[in-house]
Every structure is written in C-alpha cells, then in structure tokens.
Amino acid sequence: MITRSHVRVAVLSMVAALTVSTLSAAQGEVVSAAPCAPAATGEASAAQALNWGAPSWCAEFDDYLDESDWMFYDSAGHAGNGRRSPQQLYLGNGALYLYGREDGTTAGLAARHDQAYGRWETRIRLYPGAGSYHPVALLWPKEGGGNVQSSTGEEIDFLEVIDDPERQRPNFFLHTPQGQEQAHANIDMTTWHTYAVEVTPDSVVGYIDGQEWFRSGNATSSSMSVCLQLDWFPGQSSAGEAWMEVDWLRIYPSSTGTAG
C-alpha cells in the first residue's frame, strides 16, 4: 500500500519542466469517492455548452485512486510492445499523470463504471515528447481494458494522438460493425482542452472544448468503460519519453442508459 506521504523523488527531477511540485504513486489506494467539483468559470466543455447536468460519476484526481473505481493495467503493452505498469501512474497538483519511459514501460487504466449510452468528458494536457507514444482517451467494451480484446470489435477513441511529437493533431476513431470512421483537428494540445463523446442508439458525436468535431449515424451498442492510455509504438516516429496529464474525468447518463 502506498501512503499519502510516499513521494517518488527520482520522478520529480524528470518532471521539473512540467512545474509539478509533488507526485505520489497512485496505484491501488482506497478512499471514499470525492464529490464532483463544479466546472471552472470560463472552462469550455460540452457539458457546459449543452447543459448535460450533473455527472453520474467523476474522478477529480485530488487524492487517491480508488481500486473499486479503477482497473490498473499490469500487462504487456499495446500489441505486445513494452509493458503497462501501475508504477507509471502518478498523482500530483490535482491531476493524474501517465508516464511513458523510453524503454516502453508505460501506463493505462480503465474506469469500472460502464454504460451503453450516455456522455463522457475529460480535461487533458499533453507535453511535447516521443512521437512513438500515442496518448489515448477511449471507450472500450466493459472489462476490456489492459489487452483484453473486444468481442464486438467496437471502440471509440475520442482522443488519440499519432506520430505527433509536438502534440498538435488530435484524432477521433469510431470502430463499429459498419467499419471505421475518423476525423482530425488542429489544436495545441500542450494547453488544456476538454474532449467529450456522446453515444446514443443512433449516433456518436465528438466534441473538443464544447465544439462538435465528429458525428456519425453509426453507433456502438456494447456497455462501454472509459479508459486512459499512453500507448507505445516502437519504431514509429521519434523515440523517448512522454507524459499525459488528466485534470478530471466525468460520466453523464442519458435517457437510454445509466452508469454501472
């Protein structure tokens, strides 16, 4: 069990440029869930713009990660490359950090709250780093995180960054039985942005900072969990380290589904 006071001193020097004063190991720590914080004044989000109301569940990353809320990846990395380890998850300054080392040791986690239809939103900041690392926020069928394959082939990547060391081009990917659809945008992801997705029985819609950037008349039907991953693709783009910083994550219900 990692205590509140446990600090990884070696990591502090590596993230000094990120202005992080204190980072604590985050895996497997259990406390009661914190209440959802109100949206910050002027913070652009789909929930604010579209009046989604109160979230059914949220993660504010202010203290510990509750293992009853999260599944921490501890397995081979994406496509068997490198390794996903809970040791690469850190909490500090009210945020969650996923850290990918040059050797492919990286991080991922999946929320244990699932629903077939509804809305998901997260606030993320990235840092220039290895293009071989792909930061991803996605929906994956329940119990499918950490290299467990989807039996339906369904997947919604509502943020994925590919071969982009400067973190300027977010991508959206929708995988359904009808095939794959995608979109991209051009924004500076080294500043804070919100990324959201809404799934109904008739559509999938993606948002950046409350503005629509993807829409499809196809939709998934599986009960989905939201996952945060920093995936390693060795040999693609530039090598090195990478960081992904997550301020918060929120799940909103819809009239056709509720969070599990």
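The values are calculated or read from the model by the stated rules, or taken from the named source; none is laboratory data. This one's a predicted model, so the numbers in the text were calculated from it and none came from an experiment. Cβ placement follows ideal geometry from the backbone for every residue including glycine, while neighbour counts extend to all protein chains displayed. SASA here: full protein model, heavy atoms, side chains in, ligands and nucleic acids out. Shrake-Rupley method; radii C 1.70, N 1.55, O 1.52, S 1.80 Å.
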Requested in this report: Go through region 62-76 residue by residue and turn each phi into a ³J(HN,Hα) via Karplus (6.51, -1.76, 1.60, θ = phi - 60°); whole Hz please, and just put x for glycine and proline.
Outcome: 8, 9, 9, 9, 8, 5, 6, 9, 10, 10, 8, 5, 8, 6, 4
Report task. Tell me the label-point distance for the pair Leu50, Asn218, using the 7 Å Cα-to-Cβ offset, in nm and rounded to one decimal. Result -> 2.0 nm
Query - Approximate spin-label separation Glu43-Ala183, in nm, with each point projected 7 Å along Cα-to-Cβ - result: 2.3 nm
Query raised in the report: Roughly how much of Phe233 is accessible, in Å² to the nearest 10, using a 1.4 Å probe?
Result: 40 Å²
Report task. Give, as a single signed number, the net charge of other residues whose beta carbon lies under 10 Å from the beta carbon of Ser85, with Lys and Arg counted +1 and Asp and Glu -1. Result -> +2
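Report the net charge of residues surrounding Thr176, where surrounding means a beta-carbon distance below 9 angstrom and charges are Lys +1, Arg +1, Asp -1, Glu -1.
-3
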Query raised in the report: Where in region 85-163 are there GluC sites (Glu not before Pro) that are in a DSSP coil and have at most 11 other Cβ atoms within 10 angstrom of their Cβ?
Result: none
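Around Asp209, what is the net charge, scoring Lys/Arg as +1 and Asp/Glu as -1 over all other residues with Cβ under 14 Å from its Cβ?
Values: positive: Arg123, Arg125; negative: Glu43, Glu121, Asp188, Glu212, Asp247.
Taking every Cβ under 14 Å from that of Asp209, the sum is -3.
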Requested in this report: Could you run the Karplus curve 6.51 cos²θ - 1.76 cosθ + 1.60 with θ = phi - 60° over region 238-251 and give me ³J(HN,Hα) per residue in whole Hz, x for Gly and Pro?
Outcome: 7, 8, x, 9, 7, 10, 9, 10, 10, 7, 7, 9, 9, 10
